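Scroll down for the structure; my scribbles are underneath it.
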């Protein structure tokens with residue numbers, strides 16, 4: 001009587017049914033089915049979110065800044081502070 005023999009499987013199923021009862025097993029299988037459905041629904045929602053997120057963002061035009069500090073301006077200002 002090896003691990004793959006049909007008699008072994010029949011006895012194993014019989015012991016499981018006796019321990020847990022038929023109602024518990026069917027309830028457990030129903031819960032597994034609900035979990036799988038919820039998982040698939042979540043994947044479908046993620047795909048919908050991914051398609052809406054794939055749209056390119058609107059471009060924001062950059063306005064020229066008046067008071068932009070360039071390295072040259074910063075160096076000149078620092079020199080003036082040291083001299084004065």
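The numbers here are math on the coordinates, done by the rules we state, and not lab data. Values in this document were obtained by computation on a predicted structure and should not be read as measured data. We place every Cβ from the backbone using ideal geometry, glycine too, and count neighbours over all the protein chains shown.
Each label point is 7 Å from the Cα along the Cα-to-Cβ direction; what then is the distance between the points at residue 11 and residue 36, in nm?
Label-label distance for residue 11 and residue 36, simple model: 3.0 nm.
Test of understanding: what is the full-extension gain from residue 61 to residue 18, defined as 0.36 nm times their sequence separation minus their Cα-Cα distance?
8.3 nm
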